[in-house]
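Asks: What follows is a structure written as structure tokens; I'll ask about it next.
The values are calculated or read from the model by the stated rules, or taken from the named source; none is laboratory data. Small disclaimer: the values here were computed from a predicted structure and weren't measured. Here the Cβ is made from the backbone with ideal geometry for all residues, glycine too, and neighbour counts use every protein chain on show. Ligands, DNA and RNA are excluded from the accessible area calculation, which covers all protein heavy atoms including side chains. Shrake-Rupley method; radii C 1.70, N 1.55, O 1.52, S 1.80 Å.
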Amino acid sequence: MDDPVLLTGAGGRVGQAILDGIGEEYDWRLLDREPLPAAKVPDRVTDADQYVADITDERAVREAMTGVNAVIHLAGDPRKTAPWDSVLRNNIDGTQVVMRVAAAAGVEKFAFASSNHAVGGYETDDRTPDLYRPDDDYRLDGEELPRPGNLYGVSKATGEFLGRYYHDETGMGVVCVRIGNLTKDHPPREYERGQAMWLSHGDCAHLFDRCLRAEYGFEIVYGISDNDRKYYSIERAREVLGYDPQDNSANYTFEGEPIAEDPPTDEP
Ligand SMILES: NC(=O)C1=CN([C@@H]2O[C@H](COP(=O)(O)OP(=O)(O)OC[C@H]3O[C@@H](n4cnc5c(N)ncnc54)[C@H](O)[C@@H]3O)[C@@H](O)[C@H]2O)C=CC1
Ligand SMILES: O=C1O[C@H](COP(=O)(O)O)[C@@H](O)[C@H](O)[C@H]1O
């Protein structure tokens, strides 16, 4: 892809996982309301390609969107305990501005950072904790209705609806990635739910790379590694995006230490 890619929320955890993995492969526009220290910016990105702006500032978003062909939209309040005023402003209003400006600019592909919390309500008392265990075959696949477990999840489900609307209205390709739990180097420690929805940094970068390269209309996919423990299907992401995750929380102990693949033997 030759045209610039706009990455909102570039300075955050997900943004940095993406830039660590594929930072040299695209012509980025980086937008964040906080200025990015040099260490967070790929070498090829100039000052002119960095926008310190709030996503609710339509004029700034329009400026950043000029000439852009694809967007990865991450900026928002990621806290599951975030209050309504914050998710309304950052996650709903902000997402509506970014999607509206993208659609009006003729952007072809838009990847939206949705969340496991858009469907947290499926984790009912009778399903948990079995749901988080490798031998349980319950799966959400993206076809189910949103069932948020908190107001943050409501805001992410709303972002998905906005994506559906802008796709239907304008034809912009929209993929909503229900991200699990991103951690670096090892799965969340001593946390069954987190290990069932672990997304490694490498798989995160690869997944969003596929969102930029694949062809799609409107999609909802789950963004987790290929964990033995899982209750989110990654089949749709494989099928539509060509997602091919390399990591699995089962390759780590419950405490998060890597398990050696080939233990040495004394056999000749
Ligand atoms: N980290 C995770 O495991 C998961 C993250 N997500 C979603 O992915 C996205 C990124 O999450 P993280 O990187 O973890 O969060 P983060 O808090 O580390 O990064 C968010 C970035 O967005 C910027 N930002 C926030 N509001 C903004 C606004 N109104 N205008 C401009 N910039 C703004 C912040 O300055 C920050 O750099 C969020 O939308 C979050 O809901 C979803 C599921 C799991
Ligand atoms: O959407 C998000 O989900 C992850 C995982 O949720 P948790 O309830 O298991 O912590 C969370 O870490 C992240 O901050 C949030 O944005």
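Asks: Within segment 53-95, can you find the residues that are under 15 Å from R29 (Cα atoms) and among the aliphatic types (A, V, I, L, M)? Walk me through it before giving the result.
Replies: If we filter segment 53-95 for residues that are under 15 Å from R29 (Cα atoms), which is where we start, we get 53-55, 60-75.
Across segment 53-95, the qualifying residues are A53, I55, A60, V61, A64, M65, V68, A70, V71, I72, L74, A75.
Every residue, every condition in (1) outside any loop (DSSP other than H, G, I, E, B); (2) within 19 Å of R236 (Cβ to Cβ); (3) of a type in the set (G, A, S), yes or no:
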{"residue": "S155", "(1), (2), (3)": "yes, no, yes"}
{"residue": "V175", "(1), (2), (3)": "yes, yes, no"}
{"residue": "D185", "(1), (2), (3)": "no, no, no"}
{"residue": "G194", "(1), (2), (3)": "yes, no, yes"}
{"residue": "C204", "(1), (2), (3)": "yes, yes, no"}
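Asks: If you take the residues of segment 29-46 that are over 20 Å from C211 (Cβ atoms) and touching a Gly at 6+ places or on another chain (Cβ under 6 Å), which of them is nearest to ligand 2 (Cβ to nearest atom)?
Replies: Here the answer is E34.
Asks: Okay, next question. How many residues does segment 111-127 contain that are open to solvent by less than 20 Å² (accessible area, probe 1.4 Å), more than 10 Å from ligand 2 (Cβ to nearest atom) and touching a Phe, Trp or Tyr at 6+ places or on another chain (Cβ under 9 Å)?
Replies: The qualifying residues number 2.
Residue-wise test of (1) under 16 Å from V119 (Cβ atoms); (2) touching a Pro at 6+ places or on another chain (Cβ under 7 Å); (3) open to solvent by 10 Å² or more (accessible area, probe 1.4 Å); (4) not hydroxyl-bearing (S, T, Y).
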| residue | (1), (2), (3), (4) |
| --- | --- |
| M197 | yes, no, no, yes |
| C211 | no, no, no, yes |
| G217 | no, no, yes, yes |
| K230 | yes, no, yes, yes |
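Asks: Take the conditions more than 9 Å from ligand 1 (Cβ to nearest atom), of a type in the set (V, I, T), more than 19 Å from the chain's Cα centre (by Cα) and within 28 Å of Y216 (Cβ to Cβ) and apply them to V97. Does it pass?
Replies: Criteria not met by V97.
Listed here are the residues, each with its yes/no results for (1) open to solvent by 50 Å² or more (accessible area, probe 1.4 Å); (2) in contact with a Cys (Cβ under 9 Å, 6 or more places away or on another chain); (3) outside any strand (DSSP E or B); (4) small (G, A, S).
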{"position": "N227", "(1), (2), (3), (4)": "no, no, yes, no"}
{"position": "E239", "(1), (2), (3), (4)": "yes, no, yes, no"}
{"position": "D244", "(1), (2), (3), (4)": "yes, no, yes, no"}
{"position": "D247", "(1), (2), (3), (4)": "no, no, yes, no"}
{"position": "A250", "(1), (2), (3), (4)": "no, no, yes, yes"}
{"position": "G256", "(1), (2), (3), (4)": "no, no, yes, yes"}
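Asks: If a residue has to be away from ligand 2 (no atom under 12 Å from the Cβ), open to solvent by 30 Å² or more (accessible area, probe 1.4 Å) and under 17 Å from the mean Cα position of the chain (by Cα) to count, how many in segment 166-195 make the cut?
Replies: Within segment 166-195, residues that are away from ligand 2 (no atom under 12 Å from the Cβ), open to solvent by 30 Å² or more (accessible area, probe 1.4 Å) and under 17 Å from the mean Cα position of the chain (by Cα) number 1.
Asks: Is it the case that S115 is in contact (Cβ under 8 Å) with a residue 60 or more places away in the chain, under 20 Å from S249 (Cα atoms) and within 14 Å of ligand 1 (Cβ to nearest atom)?
Replies: Yes, satisfied.
Asks: Right, something else. Only one of A38, A75 is over 20 Å from the mean Cα position of the chain (by Cα) and either within 30 Å of G171 (Cβ to Cβ) or away from ligand 1 (no atom under 12 Å from the Cβ) (or both). Can you tell me which?
Replies: Selected residue: A38, the only one of A38, A75 that is over 20 Å from the mean Cα position of the chain (by Cα) and either within 30 Å of G171 (Cβ to Cβ) or away from ligand 1 (no atom under 12 Å from the Cβ) (or both).
Every residue, every condition in (1) without any contact (Cβ under 8 Å) to a residue 24 or more places away in the chain; (2) away from ligand 2 (no atom under 16 Å from the Cβ); (3) buried (at least 22 other Cβ atoms within 10 Å of the Cβ), yes or no:
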| site | (1), (2), (3) |
| --- | --- |
| L6 | no, yes, yes |
| G9 | no, no, yes |
| D27 | no, yes, no |
| A48 | yes, yes, no |
| V52 | yes, yes, no |
| G67 | no, yes, no |
| A75 | no, no, yes |
| G94 | no, no, yes |
| A102 | no, yes, yes |
